[in-house]
Amino acid sequence: MVFFDKSTYELQDRWKGVGVDVDIDFDTIDFAHSPFGLTEDGLHDFRGLVIKRDRGDIALIQNKRFEKCDFSLSRFINCQIKKCWFVDCNLYGVDFHSCPVENSPMPNCKREMIIYFQRPALKESIIRQNDFSYLIKSYATTLPPELVVATRLDLLKESDFERAIVLCFDHESCPSDAVLKALLDELALAVNPPKLFVLCKNDYTVCSKPEQKLISTLFCCQPLGLGEIAWVKNQKVLKSERIAQLPIRETIAARLPLLDSQAGVGPQKAAEAKFWQIVDSALPLGPYDAQAHIELYHEKVMALSDEALLEFSALFSHFISQGSTCDLADAATLIGTGCGDDSLNDFAHNWILRGQSIYYNSIQNLDDTLSELDCAHLLLIEGFAYVISEVMESRGLELQFSLGIGGFAGINVNENLAAMKKKQPKLHKKYWNKKKYMNVGAVRAAASAAE
């Protein structure tokens with residue numbers, strides 16, 4: 001995974017040598033003649049240029065024409081670009097995060113987003129400067145301070161992912177606080193504790209698409225403040241989970257050995273592959289038939305041994321936890337023209353039971369995947385969510401993991417229709433307030449109904 005390019009340092013620092021600092025008056029720069037001449041591609045070399053203002057002093061860049069300029073890895077911080085032209089320019093990695101760009105065409109420009117390498121600016125995060133430092137002093141009294149690092153994705157190096165734990169922490173969440181305390185306790189007891197990198201959840205509530213992609217890669221979900229954690233070795237994510245929804249200390253103790261040995265990773269992956277094989281094999285052929293689906297699914301679950309059934313239920317809980325996000329709740333609301341906790345629970349179960357490809361494609365693009373899914377309105381149908389618990393009850397087995405979501409998972413149904421429509425326009429157009437899709441009813445497995 002490439003998080004940033006260290007050459008950003010060199011490109012930005014060179015400007016100080018020609019008297020151009022971050023607070024320079026933009027109008028004084030001659031964009032037809034770079035002090036560094038032309039790049040190898042024959043463009044005026046303005047790579048690494050940084051224009052920065054304080055939040056209360058926005059720099060207005062207006063009615064400018066930039067032609068054949070290379071702005072690679074440049075940054076426009078607390079600026080506003082209006083009615084400008086970027087013609088035949090290279091905009092690779094240009095940071096427009098805090099710079100609205102309005103009515104400014106960019107014909108024939110090369111543009112690609114990256115995650116930037118930045119000097120540490122930890123004071124920008126309250127959690128890292130105040131709350132987090134207090135918690136570390138309170139909890140990690142015996143750990144070397146260098147083992148616990150509050151940071152951001154763009155400050156991490158590739159070497160940091162050789163053997164590490166990455167925790168997304170929410171200082172306003174009691175579950176997240178409990179996970180941090182337990183994690184630090186377990187690290188203090190470990191013979192060879194890995195480094196713990198702590199990200200602030202608030203830094204990634206609204207972020208760029210590349211940052212969002214990296215968050216999804218690490219945690220397989222949008223962090224909700226439930227102790228989302230990634231166990232990383234050799235620059236690969238061995239496992240990620242919302243640990244507050246599991247037995248916290250037992251889970252941490254079981255995961256730590258993964259970072260010293262690959263033992264346990266193979267069986268876990270094999271179990272997940274078996275889970276999806278069962279789910280996919282229960283899908284009916286041809287056009288979607290909910291009644292045929294639940295009957296075939298019931299047969300598959302009934303055929304499992306007690307041990308396999310317990311493992312299947314645990315993995316089902318894991319995938320619900322991993323996939324339950326506010327966006328998923330919004331999708332259920334749009335499809336059902338409203339959705340309560342019980343319906344959301346049915347929706348999540350039925351979504352997983354539509355198969356592995358639908359599940360993972362939805363995580364990448366929920367609106368496209370569900371708007372194209374055959375009979376997506378039947379994701380709200382009742383019945384599928386009861387199959388595992390009913391089979392386990394019939395065998396005298398105790399359900400060891402919660403298979404429900406709703407309030408426990410921190411999911412709140414969004415009441416802002418405009419926001420939902422903007423985020424998931426295809427689902428809104430296809431399903432919202434379409435009476436033919438409402439009141440979808442319920443299905444039952446034939447064997448269960450007969451009982």
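Readers should treat all values here as calculations from the given coordinates under stated rules, not as data from a laboratory. These numbers come from a predicted model, not from an experiment. In this analysis, Cβ positions are derived from the backbone assuming ideal geometry, glycine residues included, and neighbour counts consider all displayed protein chains.
At-a-glance table
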{"quantity": "Long-range HN-HN contacts of Gln62 with modeled amide H, under 5 Å", "calculated": "Lys82"}
{"quantity": "Potential lengthening between Asp57 and Ile29 on full extension [0.36 nm per residue; Cα-Cα distance subtracted]", "calculated": "8.2 nm"}
{"quantity": "The range 326-339 - phi-based ³J(HN,Hα) in whole Hz, Karplus 6.51/-1.76/1.60, Gly and Pro as x", "calculated": "4, 5, 5, 4, 5, 4, 4, 5, 5, 5, x, 6, x, 7"}
{"quantity": "The range 289-347: equivalent-ellipsoid semi-axes (sqrt of 5 x gyration tensor eigenvalues, Cα, Å)", "calculated": "26, 16, 7"}
{"quantity": "Spatial separation of Cα centroids for the range 53-97 and the range 316-354, in angstrom", "calculated": "41"}
{"quantity": "Note, ³J(HN,Hα) from phi for the range 42-52, Karplus 6.51, -1.76, 1.60, rounded to Hz, x at Gly and Pro", "calculated": "x, 9, 5, 7, 10, 5, x, 5, 10, 10, 9"}
{"quantity": "Cα-centred dipole magnitude for the range 185-256, charges only on beta-carbon of K, R (+1) and D, E (-1), debye, nearest 20", "calculated": "260"}
{"quantity": "Cα-based shape type of the range 43-82, given that a ≥ b ≥ c are square roots of the gyration tensor eigenvalues and the cut on a/c is 1.5", "calculated": "oblate"}
{"quantity": "Greater than 26 Å apart at Cα, pairs in Lys52/Lys423; Lys82/Lys422; Lys181/Lys201", "calculated": "Lys52/Lys423"}
{"quantity": "Karplus 3J(HN,Hα) series, Hz, for the range 62-79 with 6.51 cos²θ - 1.76 cosθ + 1.60 (x for Gly, Pro)", "calculated": "9, 6, 10, 10, 10, 10, 6, 10, 9, 9, 3, 6, 7, 9, 10, 9, 6, 10"}
{"quantity": "Protection-proxy order for peptides 317-327, 27-37, each taking the mean of Cβ atoms within 10 Å per residue, highest first", "calculated": "317-327, 27-37"}
{"quantity": "Three-way shape label, the range 226-350, alpha-carbon gyration tensor, a/c 1.5", "calculated": "oblate"}
{"quantity": "Set of aspartates and glutamates near Lys239 by C-alpha distance (under 13 Å), chain-local residues within fewer than 8 positions excluded", "calculated": "Glu228, Glu272"}
{"quantity": "Average projected area [Cα convex hull, the range 303-380], square nanometres", "calculated": "5.4"}
{"quantity": "Simple label model, 7 Å out from Cα along Cβ direction - Ala303 to Ser389, nm", "calculated": "2.6"}
{"quantity": "Interchain or long-range residues, amide H under 5 Å from Cys200's placed H", "calculated": "Thr151, Phe169"}
{"quantity": "Out-of-range pairs (alpha-carbon distance over 23 Å; input Lys274/Lys430; Lys213/Lys426; Lys64/Lys213)", "calculated": "Lys274/Lys430; Lys64/Lys213"}
